[in-house]
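*Asks:* Mind having a look at this structure? Questions to follow.
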Amino acid sequence: MEWYPQLYVGKQVSKKRKQIVWKIRHHKKVYDVYLITLASNGKDMFDIFLAGYFSFPALERNCPLIVGIAGSHFEAVNLAVTIVEEVYRKTGNADARTYLEEMMEQYRQERKRQV
């Protein structure tokens, strides 16, 4: 399970962000939390899952990059729209998937240089 360093967080979960991330990483039950990930099919931008799905190790191993967390499905959809709008403002196109993958690769390269 890999997390985007500048994780997008919905208002409903913003105060409990660290606690929620810790619980998900440690396979604890989390209710009413949705994760926004890069789409697993490689073509679409995002998938939205209930966080509880990732309490199963088999699903965790196959989890794409997590880019956001939200307190409801509605908030997750709105957060995904916000991500695309932000990418459009920064790059001039709406290819959020490519942008987030490039940003993640830059982050990985920086971490390698620090070690």
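*Asks:* Tabulate in residue order the Karplus-calculated ³J(HN,Hα) for the stretch 41-49, using 6.51 cos²θ - 1.76 cosθ + 1.60 with θ = phi - 60°, rounded to whole Hz; enter x for Gly and Pro.
*Replies:* With coefficients 6.51, -1.76 and 1.60, one gets 7, x, 10, 6, 7, 9, 10, 10, 10 Hz.
*Asks:* Can I ask one more? Give, rounded to the nearest 20 debye, the magnitude of the charge dipole that the chain has about its Cα centre when Lys and Arg contribute +1 at Cβ and Asp and Glu contribute -1 at Cβ.
*Replies:* Details: 18 positive and 13 negative charges, 133 e Å.
Approximately 640 debye in magnitude.
*Asks:* In nm, to one decimal, how far is the LYS90 label point from the SER55 one, both placed 7 Å along Cα→Cβ?
*Replies:* Simple spin-label model gives 3.3 nm for this pair.
*Asks:* Viscosity 1.306 mPa s, temperature 10 °C: Stokes-Einstein D of the chain from its Kirkwood Cα radius, in µm² per second?
*Replies:* On the way: Rh = 14.5 Å.
Translational diffusion coefficient: 109 µm²/s.
*Asks:* Which far-off residues, 5 or more places away or on another chain, put their amide H under 5 Å from the one on ILE69, with H placed in the peptide plane?
*Replies:* Result for ILE69 returns TYR8, VAL9, GLY10, ILE36.
*Asks:* Could I ask something else about it? Need one number: nm distance between label points at HIS73 and LYS28, each 7 Å from Cα along Cα→Cβ, rounded to one decimal.
*Replies:* It works out to 2.7 nm between the two label points.
*Asks:* A further question follows. Chymotrypsin sites (Phe, Trp or Tyr not before Pro) within the stretch 27-112: which are DSSP loop residues with at most 13 other Cβ atoms inside 10 Å? Please list the in-between numbers first.
*Replies:* Working: sites: TYR31, TYR34, PHE46, PHE49, TYR53, PHE54, PHE74, TYR88, TYR99, TYR107; in loops: TYR31.
Filter output for the stretch 27-112: TYR31.
*Asks:* Measuring from label point to label point, each 7 Å out along Cα→Cβ, what is the LYS43 to THR98 span in nm?
*Replies:* It is 1.7 nm.
*Asks:* When you have a sec, figure out the Kirkwood radius of the stretch 1-44 from all distinct Cα pair distances and drop it here in Å to one decimal?
*Replies:* Numbers: mean 1/r = 0.0847 Å⁻¹.
For the stretch 1-44, inverting the mean 1/r across all distinct Cα pairs yields 11.8 Å.
No lab work stands behind these numbers, since they all come straight from the coordinates. Keep in mind that what you see is a predicted model, and the values were worked out from it rather than measured. So basically every Cβ, Gly included, is an ideal-geometry build from the backbone, and we count neighbours across all protein chains shown.
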